[in-house]
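Since the structure comes first, as structure tokens, the remarks are kept for the end.
The values are calculated or read from the model by the stated rules, or taken from the named source; none is laboratory data. Keep in mind that what you see is a predicted model, and the values were worked out from it rather than measured. With ideal geometry, Cβ positions are generated from the backbone for all residues, glycine too; neighbour counts draw on all protein chains shown. Only protein heavy atoms, including side chains, enter the accessible area calculation; ligands, DNA and RNA are left aside. Shrake-Rupley method; radii C 1.70, N 1.55, O 1.52, S 1.80 Å.
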Amino acid sequence: MSKKIAKTPEQFSADPAAWEILLRADKMGIGTAFTRAQAMPACPIGEKGMCCSMCLMGPCRLVKDGQVGVCGATLETVGARIFARHVAAGSAAHSDHGRDLAFTLKAVAEGQAQGFTIRDPYKLRAVAGHMGIPVNGRSDAEIAGQIADKAIGEFGQQKGELVFLKRAPKKRYELWKELGIAPRGIDREVVEVLHRTHMGDDQDAEHILDQALRCSLSDGWGGSMLATDISDILFGTPSPLVSQVNLGVLRDDEVNIVVHGHEPTLSEMMVTALNDPELVAYAKSKGAQGINMAGICCTSNETLMRQGIPSAGNFLHQELAILTGAVEAMVVDVQCIMQALPNLADNFHTEIITTSPKVKISGATHIPFDEHHALDIAKTIVRRAIDNYPNRGDVLIPNVVSDVVPGFSHEYINYMLGGSFRASLRPLNDAIMSGRIRGVAANVGCNNPRVQQDGLHNAVVAQLLANDVLVVETGCGALASAKCGFLLGEAAMEWAGPGLREVCEAVGIPPVLHMGSCVDNTRILTVLSQMATEGGLGDDISDIPAVGLAPEWMSEKAMAIAAYAAASGAYVIMGVHNPVGGSAEVTRILSDVWERKLGGKIEFVADADEIVERSLAHIDKKRAALKLPPYEPDKWGKSGDSRMQAWMELPVEMQAEALYGAPA
Ligand code: MSK
């Protein structure tokens, strides 16, 4: 049903492409997540984690001072349980994605995965090294099979510890063991959170949150890390390329297929299918000029950084893409897919196709993915989209696109800083030590219609760049920056402070580095670990002048990421609101207690300026602790391209005078 837009499109989103489509939705009387959020204020009790629904004696609302639930549960226990369950759900989602990739790798090793192959044998061997799997004299298939078996075993392991924990700095690894939070097996830690938070179990807030930490680590240094590594083995380790982002990547004269969700397996095969000459000819027979694929959310990040497939946008663009009227099929897999899509698509010709055996949505067509017949399934889907092209009605594609350079895997960052034979993060550490780069921020996470789309991401990133903070990004935060033009080399000239600009010019990189999808936050863990062991920035992740930010987060996966980042020693600031803000004690444990125990913490800050202020204060505190020179921007910026640019802007007569002296 139509909702009157009380907010303007500009208040809903910072993105001009969204403005145009939101006006169209309003004219057509179609609601979106933007208008639904406005029409449905968040529940004031649930919003602060003050409602316990863990058993049927409730739900209990703990809204008065000292009030307890029917069982006697306190606000602290309730808040800790809610937080821990969010972390467990987020960890389960990420990690299950990793499990599916492990099974695909196993099928590839056995020659049973149609169309898939091992694209990065170097990464295959590197991962084998991390797992203690011998590689000498063995075929790719043999190594892949053993990696897959080991990976699958990590999920069901009951005792011991996950094999990737030793990829963390030694001090961090020892700390996890000392605190008793080193994860034993991925599934085990998720199950234990659910057990401990069942009615009548663990009732000490800090103790519950310790298990949340252990569970999150099983994601960050377990399931998600496996997902990243195996994706690289199967589909190639990303390196920078050029592509485009925003709704303007949709074509008005081609069949448009949008892939959305998180898993790269089917979408990678779709890329092969859409280049099939027979299907291209079939599309032309239906009156289209060709077949165009674009992505949304993290499936988009996967195909963007590896194949250069353009991105139609981030989380809140999923409905807007359909509202263009130009999408023949939206092909979804897992996570972050709004249930509103099939109803919305009923207003247009778009077919919503669910492809994961785990995800069905009423009103959508279900074509389940099976890695043994991936190419056949991809071709079937492409053919359906082509058949749908003649049904297209009125189309409105905003003429808004930005160029983007994605694909900075940690392997590529090492290569770009040191070349093939001296690949290293040494120049990055040196730049931070000298003060050219003040520190590093990882800006990640979602959009949330409770706040202006991309507004917080863009405001925070712009201010950090101006303060010489190098920004790395994943997920929908990265796509927000891409739309805004931050993921381009030229952005350094426009946005970066003098020291950061010098580094970007010298290395030839954007000031904001796209590192992948939300499971790929593990790439950031790898970079931080390497920075800590490279020398000069302490010997643990908690020593590094760095922060983690998720200004517009909404998903439980973001909570899992925040928890494993804090457990790994990072200061994490989450925007929007504190989901356990009703309990001052839980809020204190997540910040003060965790900082004392782990050197990392989570805080919730809704305001962009305050996020930046706290980030810079933390970075400067870490610089001081390392006895690095204080941040002095005036020392930098007198070399490199900016000097050249200033020169080029001088009138020719002044250039001549500077070179040859004043005319006689
Ligand atoms: S897709 S989890 S909205 S980043 Fe990874 Fe974006 Fe957040 Fe989903």
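Reported count of residues in region 561-573, each being near the ligand (Cβ under 9 Å from one of its atoms) and either open to solvent by less than 10 Å² (accessible area, probe 1.4 Å) or in contact with a strand residue (DSSP E or B) (Cβ under 6 Å, 6 or more places away or on another chain) (or both), is 0. The conditions are (1) within 19 Å of F315 (Cβ to Cβ); (2) part of a loop (DSSP other than H, G, I, E, B); (3) within 22 Å of the chain's Cα centre (by Cα); (4) not β-branched (V, I, T), and P398 fails exactly one of them. Which is it? Condition not satisfied by P398: (3).
Listed here are the strands (runs of 3 or more DSSP E) enclosed by region 273-373 that have at least 1 residues being within 15 Å of the ligand (Cβ to nearest atom): 291-296, 311-313, 329-332. Within region 29-54, residues that are over 21 Å from Q339 (Cβ atoms) sit with their Cβ atoms under 7 Å from residues that are in a helix (DSSP H, G or I) and of a type in the set (D, E, K, R), at 6+ positions apart or across chains, in these pairs: M54/R81. Per the listing E556, E552, E534, the residue uniquely away from the ligand (no atom under 16 Å from the Cβ) and touching a helix residue (DSSP H, G or I) at 6+ places or on another chain (Cβ under 7 Å) is E534. Are any residues in region 308-333 open to solvent by 10 Å² or more (accessible area, probe 1.4 Å) and among the aliphatic types (A, V, I, L, M), and if so, which ones? Listed by number, the list holds a single entry, I309.
Condition check ((1) within 30 Å of S91 (Cβ to Cβ); (2) in contact (Cβ under 8 Å) with a residue 24 or more places away in the chain) across all residues:
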site	(1), (2)
P545	yes, yes
E552	yes, yes
L590	yes, yes
A608	yes, yes
K635	no, yes
V652	no, no
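Conditions tested, residue by residue: (1) surrounded by fewer than 22 Cβ atoms within 10 Å (Cβ to Cβ); (2) in contact (Cβ under 8 Å) with a residue 40 or more places away in the chain.
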| position | (1), (2) |
| --- | --- |
| L274 | no, yes |
| Q289 | yes, no |
| A294 | no, yes |
| N301 | no, yes |
| A340 | yes, yes |
| D346 | yes, no |
| I352 | no, no |
| D376 | yes, yes |
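Going through (1) open to solvent by 10 Å² or more (accessible area, probe 1.4 Å); (2) more than 26 Å from L488 (Cα to Cα); (3) of a type outside the set (S, T, Y) one by one, A283 falls short only on (1).
What pairs can you find where one residue is in region 459-485 and under 21 Å from L616 (Cβ atoms) and of a type outside the set (G, A, S), the other is in a helix (DSSP H, G or I) and within 16 Å of the ligand (Cβ to nearest atom), and their Cβ atoms are less than 7 Å apart, with a gap of 6+ or different chains? Qualifying pairs under 7 Å: V461/S481; V471/V461; V472/I524; E473/S481; C484/N458.
R251 satisfies every condition listed in (1) part of a strand (DSSP E or B); (2) more than 27 Å from A102 (Cβ to Cβ) except (1). With respect to the conditions (1) at pLDDT 95 or above; (2) open to solvent by 50 Å² or more (accessible area, probe 1.4 Å), C51 falls short on a single one, namely (2). Only one of the numbered conditions (1) under 23 Å from the mean Cα position of the chain (by Cα); (2) part of a helix (DSSP H, G or I); (3) surrounded by fewer than 17 Cβ atoms within 10 Å (Cβ to Cβ) is violated by S218, and that is (3). If the condition is being among the β-branched types (V, I, T), surrounded by fewer than 24 Cβ atoms within 10 Å (Cβ to Cβ) and either modelled with pLDDT of 95 or more or not assigned by TED's automatic domain parsing to the domain that holds C298 (or both), then region 238-271 contributes only V242.
Filtering V444, V395, V451 for residues that are under 20 Å from L488 (Cα atoms), in contact with a Gly (Cβ under 9 Å, 6 or more places away or on another chain) and either within 16 Å of the ligand (Cβ to nearest atom) or touching a residue at least 24 places away in the same chain (Cβ under 8 Å) (or both) leaves a single hit, V444.
Checking region 422-440 against the condition returns a match, with at least one residue being free of Cβ contacts under 8 Å to residues at least 24 places away in the same chain, more than 14 Å from the ligand (Cβ to nearest atom) and either surrounded by fewer than 22 Cβ atoms within 10 Å (Cβ to Cβ) or in a loop (DSSP other than H, G, I, E, B) (or both). Of everything in region 107-144 that is in a loop (DSSP other than H, G, I, E, B) and acidic (D, E), the residue that is least open to solvent (accessible area, probe 1.4 Å) is D120. Of all residues in region 582-606, exactly one satisfies the criterion of being open to solvent by 10 Å² or more (accessible area, probe 1.4 Å) and touching a Phe, Trp or Tyr at 6+ places or on another chain (Cβ under 7 Å), namely K601. Looking across region 215-253, the residues that are closer than 24 Å to V327 by Cβ and among the acidic types (D, E) come down to D252, D253.
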